[in-house]
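One structure is given here, and the rest of the page talks about it.
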Amino acid sequence: MIHKSSTVSVPAVTDVPRHIAIIMDGNGRWAAQRKLPRVAGHVKGVEAVRAIVEGCARRGVEFLTLFAFSSENWRRPEDEVSFLMRLFGATLQRETARLHKNGIRLRVVGDLSAFDAHLRALVKRGEIRTAHNTRMTLTIAANYGGRWDILHAISELPARSAVDGHAVPVDEASFAQYLAMAYAPEPDLLIRTGGEQRISNFLLWQLAYTELYFTDIFWPDFDDAALDAALASYRARERRFGRANA
Ligand code: IPE
Ligand code: IPE
Ligand code: MG
């Protein structure tokens, strides 16, 4: 299915966002606050993921997209990076059955060529096993960067065919189908935990008209009540998409 571009046509607005994207930030500071090593925050963060996946599915969210590792996170100390990779693998191994049982389809987006073969196989296995589930699509962005996504899409565009000597123009819809998340509508709501108010190279193209919600809560503490607060903020907004207000 090709989803409409929010800048080409105004999408329907529903009380519950169809697609929520989350920048799960603040694991390190959560741990530091407790005098624990940063990686303890990442472990605790996985528990928060489990609860929020269920919470979103229960509320009727169709797509949940979680930023787990950015294309810039390789700049972290090697031991933290390798811990995160192992944690990702172990979580996939442990959680895929639960996702499947709960009717959730798993997708992983990002440049997976940087991951080892074992991790790539776990990703593939999880995606294949859950491919036909329809309750909610959970996308994990791993080694993902918004600029990588756009450049990758450009590289996948079919070589422009010349018609009457003129190059065939690319429009938004034809371009967007080469983005990593072509299967999903653009996010309605972006949540960033941890207090920073920036996009950090997440879904650059897709966030054009997304409602942004920033909270100081560290990701490991982001629970059902915090999700409800974000959803209440979302419901109170008037999404104009460039139109005059109602
Ligand atoms: C987010 O938490 C998790 C990843 C980026 C992998 P951080 O690790 O960035 O936590 P802070 O921002 O240092 O507190
Ligand atoms: C964004 O968090 C990436 C993820 C949550 C995976 P960062 O902690 O890497 O972002 P910056 O460095 O503070 O912008
Ligand atoms: Mg951070």
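The values are calculated or read from the model by the stated rules, or taken from the named source; none is laboratory data. In this text, all values refer to a predicted model and were calculated from it rather than measured experimentally. Reconstructed Cβ throughout: ideal geometry from the backbone, glycine too, with neighbour counts over all protein chains shown. Side chains included, ligands, DNA and RNA excluded: accessible areas come from the protein's heavy atoms. Shrake-Rupley method; radii C 1.70, N 1.55, O 1.52, S 1.80 Å.
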Just checking, how many residues over the range 58-106 are over 24 Å from Arg38 (Cα atoms) and either away from ligand 2 (no atom under 16 Å from the Cβ) or in contact with a Lys or Arg (Cβ under 7 Å, 6 or more places away or on another chain) (or both)? 17
When only residues in the range 59-77 that are near ligand 1 (Cβ under 10 Å from one of its atoms) and charged (D, E, K, R) count, which is surrounded by the most Cβ atoms within 10 Å (Cβ to Cβ)? Arg76
Across the range 6-35, what is the number of residues that are without any contact (Cβ under 8 Å) to a residue 12 or more places away in the chain, within 16 Å of ligand 1 (Cβ to nearest atom) and either open to solvent by less than 80 Å² (accessible area, probe 1.4 Å) or not in a loop (DSSP other than H, G, I, E, B) (or both)? 1
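Per-residue answers, yes or no, for (1) open to solvent by less than 50 Å² (accessible area, probe 1.4 Å); (2) of a type in the set (Asp, Glu); (3) within 28 Å of Glu72 (Cβ to Cβ); (4) not in a loop (DSSP other than H, G, I, E, B):
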site	(1), (2), (3), (4)
Arg147	no, no, yes, yes
Val170	no, no, yes, no
Pro185	yes, no, yes, no
Tyr234	yes, no, yes, yes
Arg239	yes, no, no, no
Listed by first then second residue, the pairs whose first member lies in the range 170-196 and is more than 15 Å from ligand 3 (Cβ to nearest atom), whose partner is outside any loop (DSSP other than H, G, I, E, B) and open to solvent by 40 Å² or more (accessible area, probe 1.4 Å), with beta carbons under 6 Å and at least 6 positions apart or on separate chains, are Tyr178/Glu156; Leu190/Leu212
Condition met for Leu119 (away from ligand 3 (no atom under 16 Å from the Cβ), touching a helix residue (DSSP H, G or I) at 6+ places or on another chain (Cβ under 6 Å) and assigned to a helix (DSSP H, G or I)): yes
Pick from the range 83-124 the residues that are touching a strand residue (DSSP E or B) at 6+ places or on another chain (Cβ under 6 Å) and open to solvent by less than 20 Å² (accessible area, probe 1.4 Å): which of them is farthest from Ala51 (Cα to Cα)? Gly110
Which numbered condition in (1) of a type in the set (Asp, Glu); (2) within 16 Å of ligand 3 (Cβ to nearest atom); (3) open to solvent by 70 Å² or more (accessible area, probe 1.4 Å) is the only one that Glu80 fails? (3)
